Amino acid sequence: MISALRLSFMDASGFGREEFIGLENYATVFTDPDVRDAVLNTLLYTVLFTPTAVIAALALALLLNSPRMPFRSFFRTALFVPFVVSFAVAAFAWSYLIDPQVGLLNYWLQGMGVRIGNVLEDPQLAMPAVALVAVWKLFGFYFVIFLAGLQDIPTSLYEAARMDGAGPWNRFRNVTLPMLSNTMLFVLVFAMIAALQAFDQIYVMTGGGPYGHTQTLVMEIYESGFRKLDLGFASALSYVLLIATLLLSLVQFLFFGRKEKDLTS
């Protein structure tokens, strides 16, 4: 980290001499149109990934927390398994699954009369496709965290709510959600950080294409540092991303901390 911070003030390629240029790399970060496009793509990815993964994880945790759910141990394990698979392996597998020529998913959809074509070459569908892979890969971790949070809620609170005539929705809104506030904060922060760091499946599945529509900030850092050999600019962009991640996390901590204070008071 210290070396990257030093490089962010240099004109450095990794070969030859380095030249100190002050804040020039940081100024370029905020004026480069490629970085602007990467920021927009990263925000789109975050919007697609974060709420989908968090809501899916919470919904399945609520479902599998019920003692009346059959085979719930099997389903809990099955939902967590994708998390332990390498992101690169998952990306390769999904690339074949949705391949328009040999993919099983396309074959099944065509059998139902649905044709989606090569989604990874479609500028409108490529980003949702790589976000879907991330949801499949990561939501099992968030699911386990939510499940642990649900099991930590005292059953006496639900019994008291039932005695007061609260239905399922009111129990969820007035008991489950407030008691899960810390867990929700943890999951949201982790999901947001994962979204801002999106790289593996994008590198494997699209390489930032088509036409730059899946070029995220981390992909831009990789391209700048290891293909264009502009290590100073890549380091500056890395630190800008780090600061943005810290600020987003701080905002979420302050927001949920205020909500929790309001609930306790």
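Observations, loosely collected:
- Checked against the criteria, D34 does not count as of a type outside the set (V, I, T), more than 30 Å from T155 (Cβ to Cβ), in contact (Cβ under 8 Å) with a residue 12 or more places away in the chain and not in a helix (DSSP H, G or I).
- Of the helices (runs of 4 or more DSSP H) entirely within the stretch 195-265, those holding at least 1 residues that are among the charged types (D, E, K, R), open to solvent by less than 90 Å² (accessible area, probe 1.4 Å) and at pLDDT 90 or above occupy 200-205, 217-222.
- Entry remark, the stretch 109-140: residues being farther than 14 Å from A195 by Cβ and assigned to a helix (DSSP H, G or I) number 10 in total.
- Qualifying residue in the stretch 159-177 (condition: at pLDDT below 90 and among the acidic types (D, E)): yes
- Candidate set: the stretch 1-28, residues that are closer than 30 Å to F186 by Cβ and assigned to a helix (DSSP H, G or I); chosen: the one least open to solvent (accessible area, probe 1.4 Å): A4
- Among residues of the stretch 90-115, those that are surrounded by fewer than 16 Cβ atoms within 10 Å (Cβ to Cβ), touching a Leu at 6+ places or on another chain (Cβ under 6 Å) and within 24 Å of L44 (Cβ to Cβ), counted: 2
- Residue match in the stretch 45-53 (condition: aliphatic (A, V, I, L, M) and more than 21 Å from A134 (Cβ to Cβ)): no
- Checked against the criterion of being free of Cβ contacts under 8 Å to residues at least 40 places away in the same chain, surrounded by fewer than 16 Cβ atoms within 10 Å (Cβ to Cβ) and within 22 Å of the chain's Cα centre (by Cα), the stretch 183-193 contains not a single residue that satisfies it.
- Here the condition is being aliphatic (A, V, I, L, M) and farther than 25 Å from S249 by Cα; of A160, A198, it holds for A160 alone.
- Residue tally, condition of a type in the set (V, I, T) and in contact (Cβ under 8 Å) with a residue 40 or more places away in the chain, over the stretch 113-150: 5
- For the stretch 65-84, the condition holds for at least one residue, the condition being that it is crowded, with 16+ Cβ neighbours inside 10 Å, in contact with a helix residue (DSSP H, G or I) (Cβ under 7 Å, 6 or more places away or on another chain), at pLDDT below 90 and more than 29 Å from L196 (Cβ to Cβ).
- Selected residue [part of a loop (DSSP other than H, G, I, E, B) and out of contact with any Lys or Arg (no Cβ under 8 Å at 6 or more places or on another chain)] from R76, R68: R68
- Contact annotation: residue pairs with Cβ atoms under 6 Å, 6 or more positions apart or on different chains, pairing a residue in the stretch 151-163 that is within 11 Å of N65 (Cβ to Cβ) with a partner that is open to solvent by 70 Å² or more (accessible area, probe 1.4 Å) and of a type in the set (A, V, I, L, M), are I153/M179.
The values are calculated or read from the model by the stated rules, or taken from the named source; none is laboratory data. If you're wondering where the values come from, they're calculated on a predicted model, not measured in any experiment. FYI the Cβ positions are ideal-geometry reconstructions off the backbone, even for glycines, and counts take in every protein chain you see. For the accessible areas, the whole protein counts, side chains as well, though only heavy atoms, and no ligand, DNA or RNA atoms are used. Shrake-Rupley method; radii C 1.70, N 1.55, O 1.52, S 1.80 Å.
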